[in-house]
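Reviewing the structure listed below.
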Amino acid sequence: MRNDTEPDGTLPGTPPIDAGELWRQLRASARQANVWLALAADYRHHALPWQAGHAARQALRCDATVRPQLDALDLGPWQDAAAGDAQLGRPTLPQASALVEQFSARTRACPGDWLTWMYLARLHELQALVTQEPTPPKPAAAPTAHAEALARATALEAIAGESLHWLGVWRLNAGDAEGAVTALARLVDVRPLRHGSMMYLGEALLRVGNVAAAEKAFSRASLSANPDFLLNLSARVYAHNYWQEAIAVLNKALALRPQHVPTWLALARIQSEVYALADCRASLERLQALAPAHPEAALLEAGLHGRMGDARAHLAALQAAYASGDPLSRLASSVAMTALYHDDLPPADVAALHRRLCAPIEAAVVEKTDFPNTRSTARRLRIGYVTGDLHRQHPVNLFMLPVLLRHDHRRFEIAIYHTGHMHDAYTRQARSSADRWCEAAALDDAALQQAILADEVDILVDLAGHTASHRLGLFALRAAPVQATFLGYPHSTGLSRIDWLIGDATVSPGEHAGLFSEGIAQLPDCVFCWAPVEDYPLPRPRPADAPLVFGSFNNAMKLSPRTITLWAEVLHAVPGSKLLLKAPSLQDAGVQARFVERFAAHGIAAERLSLHGPSGLAEMMQAYGEVDIALDPTPYNGGTTTLQALWMGVPVLSLAGGNFVGRMGASFLKTLGHPEWVASDPAGYVATAARLAAECRDWRTRRAGLRARMAASPLCDIATWVVQLEALYERMWAAYCHGNGQRLLPAATSRRPRHAEDDSST
């Protein structure tokens, strides 16, 4: 740390600081950068980093030219308000008592220090939360320590309403959405133009389920004319799936500041993620003019290859960017995931790539190896889940929420570490199912590790792998004696410090052990269990004389060259048949033209193709009424899409691959009792398609029978499946307790499927 300040915290050549006088100046006029700068130096001198950071940010807001002076103070990561706020808002903050004493000493020395009074109020509040007990009773005339500190802060604040604002922000970061609403609503009633408070209020209202009021708050926040704030607001509303609103906010920011590269980047990123590909191309063209060869713009350009279904080009671009950049960047996960779609990479090469990408992550941190957890198989186990994906329509939520709602809390204590920003009714359901819930989005890996260690979790389960909300750095640090990965990523992570990958005997057979950096823990039946939480009525049968339609609702990047070749052979083998493709990318005319061209190269005319863009979930499920036989892609099988097709009464044809991601279809179909729909080679795939096509008219009237068979099979027996998962957790824990170094927990004996009527039933 640099040390070019005087012993009293002043810059060289300046007189000693009188903090009380500084606060008196700010109450006269808060927009004084020099005063905030002097306060930052004083706070640094007194080892008050959160306060110093706040003062630094205020100084910069008043006058951007003071940045060199702030850099000279060497305050640490003062730019990141979220990190300090989140730490302060953590209810189990171990050092809360020590900080109370430190902050109390400061207020005695400088009674006019508004900010420290504010932090002190929050810390008193935290102490009550930590003990889960009310503040000790006081005589009626004496206020609580929290109320007294808050009253002092409110009376002394330099900017009216700041106390309520920060109280609301801290409560929100701590996961206390109701408390945040209470504080922020009081503030915006008095200061309706406080746009930042409106933004946080909107987020808090969403978390408590008041969607209409939240949308109103976000709308009022968007009235701001500050382009920097609008950029921040767009990210927050997009995190809650308000993508149209986020784009509108960014367009307003660009109208105010048309040449701002970060805003154009944010706009292009959202356009790409919502498959507005033509608009994304236009934004990238503007970026090229403003900032030629910008690395982030180049990555977005590479991402368009993936959106268009070209995994090979996408992977090549990502690998080039990764090779020239930081090996610890999240590009590593982008490379890993994109490799799963590449149809020319052997499974062993994909596994080796994952290991190479994770090696720098493990080398950068020291793994924790000692834990106080009692090594006993007779006690209640603490299971922790790390995920940011417990919200509507996300596959992790579709499969995980029914599990969370059925855990046996007599035998297992469930903690959820929520690393995402989106909250909806499903998030609230998940939260209500947990014994412990931690809002962890703003915590870095080290802080989250400490929170999990404080909870003494026995088995920590990763539900993300290399997907967007992952925290592989946390698992590299190790936060629990046993760590596992499950559900969110259909492949080995490549991280050796994750002890187990949860699979089944089909997706992760013992003979594939060399493809996994983790040990293999097998469930008895299928790795996933389908328990739909919404009603999806079966569509009406297709007319008997309608042409046969094959279909796939998988995303465009799964439609690899090998898949296109295979499906073209199927269409040739079944004359007069058609192929219906439905994917988000197919709303783009350029992507449609690309796929028409790719099929034409195999002799398939455009009129045999029906290409559709995205729709709502209910509409998508009904679209299976237009499909007779669903085709599973390769090398990356369908997951949710396959189970959805089966549930809607549509047979699915799959080609078994050489690793987890290519064997999901086989696992589903074998568990369903239809192993004959799984081919072992391309010739068998085409032959099976022709055989099913010959039976198509029968299948059109047997949809209800297929659903009944599925509902009665282990694929949908969620109660039994959860018991099996819990038994697997107990086996993982026993292996740890006994220290036997097992790398395979083979599947226990499966119970026979509870098949109901024959598929011919209606």
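The values are calculated or read from the model by the stated rules, or taken from the named source; none is laboratory data. All values derive from a computational prediction rather than experimental measurement. We place every Cβ from the backbone using ideal geometry, glycine too, and count neighbours over all the protein chains shown.
For Ser333, the test of being more than 20 Å from Gly590 (Cα to Cα), free of Cβ contacts under 8 Å to residues at least 60 places away in the same chain and either among the hydroxyl-bearing types (Ser, Thr, Tyr) or surrounded by fewer than 17 Cβ atoms within 10 Å (Cβ to Cβ) (or both) is failed.
From the residues in region 96-114 that are more than 19 Å from Ala174 (Cα to Cα) and either of a type in the set (Asp, Glu) or in contact with a helix residue (DSSP H, G or I) (Cβ under 6 Å, 6 or more places away or on another chain) (or both), which one is surrounded by the most Cβ atoms within 10 Å (Cβ to Cβ)? Per the stated criteria, the residue is Asp113. If the condition is being in contact (Cβ under 8 Å) with a residue 40 or more places away in the chain, under 27 Å from Ala28 (Cβ atoms) and surrounded by fewer than 17 Cβ atoms within 10 Å (Cβ to Cβ), then region 158-214 contributes only Ile159.
Condition (residue is part of a helix (DSSP H, G or I) and among the polar types (S, T, N, Q)) applied to region 697-712: is it met by at least one residue? Scanning region 697-712, I find no residue that is part of a helix (DSSP H, G or I) and among the polar types (S, T, N, Q), so the answer is no. Remark: pairs (first residue in region 450-474, on the phi < 0 side of the Ramachandran plot and free of Cβ contacts under 8 Å to residues at least 60 places away in the same chain; second residue part of a helix (DSSP H, G or I) and crowded, with 19+ Cβ neighbours inside 10 Å; Cβ separation under 7 Å; 6+ apart in sequence or on different chains) are absent. Exactly one residue among Ala297, Ala321 is touching a helix residue (DSSP H, G or I) at 6+ places or on another chain (Cβ under 7 Å), surrounded by fewer than 19 Cβ atoms within 10 Å (Cβ to Cβ) and either of a type in the set (Gly, Ala, Ser) or modelled with pLDDT under 95 (or both), and that residue is Ala321. Residue-level check: of (1) at pLDDT 95 or above; (2) over 22 Å from Tyr736 (Cα atoms); (3) acidic (Asp, Glu), Asp445 misses just (1). Filtered by the rule that a residue be within 21 Å of Arg236 (Cβ to Cβ) and in contact (Cβ under 8 Å) with a residue 60 or more places away in the chain, region 393-417 gives a lone residue, Gln393. Could you please let me know if Leu579 is in a strand (DSSP E or B), in the same structural domain as Val722 (by TED's automatic domain parsing) and touching a Phe, Trp or Tyr at 6+ places or on another chain (Cβ under 9 Å)? So Leu579 does not fit the description; no. Taken together, the criteria exclude Ile361 from residues that are aliphatic (A, V, I, L, M), surrounded by 18 or more Cβ atoms within 10 Å (Cβ to Cβ) and not in a helix (DSSP H, G or I). Is region 181-188 home to any residue that is modelled with pLDDT of 90 or more, more than 30 Å from His124 (Cα to Cα) and assigned to a helix (DSSP H, G or I)? Within region 181-188, none of the residues are modelled with pLDDT of 90 or more, more than 30 Å from His124 (Cα to Cα) and assigned to a helix (DSSP H, G or I).
Quick check on this structure: which one of Arg562, Arg497 is in contact with a Lys or Arg (Cβ under 9 Å, 6 or more places away or on another chain), basic (Lys, Arg) and at pLDDT 95 or above? Walk me through how you get there before you give the answer.
Numbers: Arg562 fails: in contact with a Lys or Arg (Cβ under 9 Å, 6 or more places away or on another chain).
None of the others qualify; the one that does is Arg497.
Flag: Ala689 does not match the condition of being assigned to a helix (DSSP H, G or I), crowded, with 16+ Cβ neighbours inside 10 Å and in contact with a Ser or Thr (Cβ under 8 Å, 6 or more places away or on another chain).
For region 242-272, the set of residues classified as surrounded by fewer than 16 Cβ atoms within 10 Å (Cβ to Cβ) and under 24 Å from the mean Cα position of the chain (by Cα) consists of Gln244, Ala248, Pro262, listed by residue number.
Residues checked against (1) under 23 Å from Ala336 (Cα atoms); (2) of a type outside the set (Phe, Trp, Tyr); (3) touching a residue at least 60 places away in the same chain (Cβ under 8 Å); (4) in the same structural domain as Ala415 (by TED's automatic domain parsing):
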| site | (1), (2), (3), (4) |
| --- | --- |
| Ala479 | no, yes, yes, yes |
| Gly494 | yes, yes, yes, yes |
| Gly519 | yes, yes, yes, yes |
| Asp535 | no, yes, no, no |
| Ala556 | yes, yes, yes, no |
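Picking from residues in region 336-352 that are in a helix (DSSP H, G or I) and touching a residue at least 24 places away in the same chain (Cβ under 8 Å), the one that is farthest from Ser517 (Cα to Cα) is Thr338.
For region 215-325, please list each of the helices (runs of 4 or more DSSP H) lying entirely inside it that holds at least 1 residues being hydroxyl-bearing (Ser, Thr, Tyr) and in contact (Cβ under 8 Å) with a residue 40 or more places away in the chain. Break it down into steps so the answer makes sense when it comes.
On the way: elements: 227-239, 243-256, 261-273, 277-290, 295-307, 311-323.
Ranges flagged: none.
Leu501 meets the conditions (1) over 21 Å from Asp349 (Cα atoms); (2) buried (at least 24 other Cβ atoms within 10 Å of the Cβ) in every case but one. The failed one is (1).
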